[in-house]
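*Asks:* Got a structure for you, questions after.
Each value in this text was obtained by applying a stated rule to the coordinates, not by laboratory testing. Predicted, not measured: the structure shown is a model, and the values here were computed from it. Please note: Cβ atoms are built from the backbone with ideal geometry, for glycine as well, and neighbour counts cover all protein chains shown.
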Amino acid sequence: MEASIVPYDSIIIGAGPAGITAAIYLARKKLDILVLTLDIGGQAIFSTDVENYTGFTMIPGQELVRRFEEHLNAFNIKVIHEKITGIKKEGRLFKVETESNAYRTKTVIIASGKKPRSLNVPGEDKLIGRGITYCAICDAPFFKDRPVAIVGGGNSALQAILELAKFTNQIYVINLASELTGDEVLQDSVKKLPFVKVFNNCKVASIKGEKRVEGVEFTNKVTKEVSDLKVGGVVVEIGLEPSIGFELPKKLVLNEKKEIDVDQNCNTTIPGLFAAGDVTDVRWKQIIIAAGEGAKAALSAYEYLTGKKGY
C-alpha cells in the first residue's frame with residue numbers, strides 16, 4: 001500500500017537520541033517530516049543511571065527518554081510505529097518501505113541505532129526469555145535470590161551488575177578480556193560488592209537447561225580449562241551491533257563492522273541519505289554523542305533540501 005504520494009521532506013528511521021534530536025531540529029525548520037520506528041528511546045531506555053549527559057548530574061535512562069519523548073511531542077511530530085523492510089532510491093526521491101506501507105521522501109536520516117549482540121552458543125536460542133536476557137534493567141527482578149552469570153566486562157556489564165545486586169547476592173562475571181574495561185567509577189562500585197566473582201580471559205561455551213537456564217559452561221582461553229557454574233540466569237552484555245534489519249541501497253558503503261560510513265557532516269555515500277548515532281562508524285557510542293550527531297544530520301539534510309553547501 002502506498003501511504004504517501006506527495007513526498008515528505010525527510011523521513012527519520014529510529015527514535016533513539018539521534019533520531020529524536022534530528023526530528024526536533026527539522027521540525028523547527030518547519031519541514032514536513034515523518035519518524036518511522038518500533039520504539040521510543042532506543043538503547044538509552046535500558047541505561048540505569050546516566051551520569052554523563054550534560055545538564056544532569058545523574059538521571060535514570062527511562063526518565064531521560066521520557067523527557068526526549070516529551071520534547072518530541074511538543075512539536076506534534078508524526079511518528080508511525082512500523083517495521084522498516086527497505087530503502088530504495090528512485091530518481092531524486094527515496095522510497096521507504098515497511099511491512100504494510102511505502103513512503104516517499106526527499107531525504108532520509110537513518111538513526112536506527114544498535115541492538116544487543118548475541119553469544120551464538122548452544123542453548124542460547126532455546127533459552128531466550130527463559131533465564132537469558134540482554135537487558136538487566138528490564139529483567140533484574142526475575143532473578144531475585146538466584147545466582148546469575150553476567151557475560152561481558154564493559155560499561156553495560158558493570159551497570160548490569162549494579163542493577164542485579166539489588167536482587168541477588170551471587171553474581172558471576174564471565175569476561176573475555178584480561179580485565180574489566182568499563183569506566184573506573186563503575187569498577188569502583190562493583191569492587192565494593194563482596195559477592196561478585198570475576199572470571200577474566202573466559203569465553204562462554206554453552207548455556208545449559210531444559211525449560212529454563214540451569215547453568216553455564218565456559219572456557220579459559222589461556223589455560224584452556226573448562227568450568228561449569230550453576231546459575232538461574234544469564235545476562236548477556238557483550239556489546240551491540242548495527243540495527244539494520246532492512247534492505248539498503250546498493251551504493252551505500254558500510255565498514256567492516258557493518259556500520260554506515262559517514263563523513264563529519266553525517267553524509268553517506270548517497271546524496272540525500274544521511275545517518276546518525278550508533279548505527280554509523282562514529283567511534284564513540286554515547287547518548288550525548290548520538291544526540292549531537294542527530295542534530296548534525298538534520299542540519300545537513302536541511303542544507304541539502306535548500307540547496308546550500310553545494311548540494
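*Asks:* Decide, for region 5-122, between rounded, prolate and oblate: order the square roots of the alpha carbon gyration tensor eigenvalues as a ≥ b ≥ c, take rounded if a/c falls under 1.5, and otherwise choose prolate if a/b is larger than b/c, else oblate.
*Replies:* Oblate shape, in that a/c is at least 1.5 and b/c is the bigger or equal ratio.
*Asks:* Most exposed first by the Cβ proxy, i.e. fewest other Cβ within 10 Å, how do Ser112, Ser227, Ser243 rank?
*Replies:* Sorted ascending by nearby Cβ count, the order is Ser227, Ser243, Ser112.
*Asks:* Work out the length of the dipole vector of region 107-184 about its Cα centre, built from +1 on the beta-carbon of each Lys and Arg and -1 on the beta-carbon of each Asp and Glu, and round it to the nearest 20 debye. Each step should come with its number before you reach the end.
*Replies:* Details: 8 positive and 8 negative charges, 65 e Å.
Approximately 320 debye in magnitude.
*Asks:* Another question, then. Using the Cα centre of region 220-311 as the reference point, and only Cβ charges (+1 on K/R, -1 on D/E), how large is the resulting charge dipole? Debye, rounded to the nearest 20.
*Replies:* Charge dipole, region 220-311, about its Cα centre: 140 debye, nearest 20.
*Asks:* Using all Cα-Cα distances in region 124-236, what percent lands in each 10 angstrom bin from 0 up to the longest?
*Replies:* Per 10 Å bin, starting at zero, the Cα-Cα P(r) for region 124-236 comes out as 15, 50, 31, 3 percent.
*Asks:* Picking from Leu93, Leu248, Leu36, whose Cα lies most toward the positive end of the charge dipole for the chain (charges on Cβ: Lys, Arg +1; Asp, Glu -1)?
*Replies:* Going by the charge dipole, the pick is Leu93.
*Asks:* Post the alpha-carbon centroid distance, region 70-141 to region 14-67, in whole angstrom.
*Replies:* So the separation of the two Cα centres works out to 14 Å.
*Asks:* What are the lysines whose alpha-carbon lies under 17 Å from the alpha-carbon of Lys197, with same-chain residues fewer than 8 places away excluded?
*Replies:* Cross-link targets: Lys166, Lys230.
*Asks:* Would you work out which of Ile289, Ala275, Leu305 lies farthest towards the positive end of the dipole of region 254-307? Charges go on Cβ: Lys and Arg +1, Asp and Glu -1.
*Replies:* Of Ile289, Ala275, Leu305, it is Ile289.
*Asks:* Return the ratio Rg/(2.2 N^0.38 Å) for region 192-311, where Rg is computed over Cα atoms only.
*Replies:* Expressed relative to 2.2 N^0.38 Å, the Cα Rg reads 1.59.
*Asks:* Hey, another quick one. Going by average Cβ neighbours within 10 Å, how do the peptides 12-25, 136-149 rank, with the highest at the top?
*Replies:* So the order, starting with the most tightly packed, is 12-25, 136-149.
*Asks:* Now, a different point. Go through region 8-24 residue by residue and turn each phi into a ³J(HN,Hα) via Karplus (6.51, -1.76, 1.60, θ = phi - 60°); whole Hz please, and just put x for glycine and proline.
*Replies:* Here the 3J(HN,Hα) series is 6, 5, 7, 10, 9, 9, x, 9, x, x, 5, x, 5, 5, 4, 4, 5 Hz.
*Asks:* Could I ask something else about it? Using Cβ contacts closer than 10 Å as the measure, can you line up Cys135, Cys202, Cys266 from fewest to most?
*Replies:* Lowest count first: Cys135, Cys202, Cys266.
*Asks:* Is there a quick way to get the dipole size of the chain? I mean about its Cα centre, with the Cβ of Lys and Arg at +1 and of Asp and Glu at -1; what is the value in debye to the nearest 20?
*Replies:* Here the size comes out at about 440 debye.
*Asks:* Here is a further query. What number, in percent, do you get for the relative contact order of region 124-236 if the mean sequence gap of Cα pairs under 8 Å and at least 6 apart is divided by its residue count? It would help to have the intermediate numbers written out before the result.
*Replies:* Numbers: 244 pairs, mean separation 36.2, N = 113.
Value for region 124-236: 32 percent.
*Asks:* Sticking with this one: Towards the positive end of the charge dipole of the chain, with charges on Cβ (+1 Lys, Arg; -1 Asp, Glu), say which of Gly239, Ser10, Pro116 has the farthest Cα.
*Replies:* Ser10
*Asks:* Which ordering of Leu72, Leu193, Leu248 is given by a fewest-first count of other beta-carbon atoms within 10 Å?
*Replies:* By the 10 Å Cβ count, ascending, the order reads Leu193, Leu248, Leu72.
*Asks:* Starting from one equal scatterer on each C-alpha and no solvent at all, send me the Debye-based log10 I(q)/I(0) for region 2-54 at q = 0.15, 0.17, 0.28, 0.29 Å⁻¹, two decimals.
*Replies:* Ignoring solvent entirely, the Cα scatterers give -0.51, -0.61, -1.09, -1.12.
*Asks:* Which of Val196, Val222, Val151 ends up with the largest GNM mean-square fluctuation for the chain, with Cα atoms connected below 10 Å?
*Replies:* Of Val196, Val222, Val151, the Gaussian network model singles out Val222 as fluctuating most.
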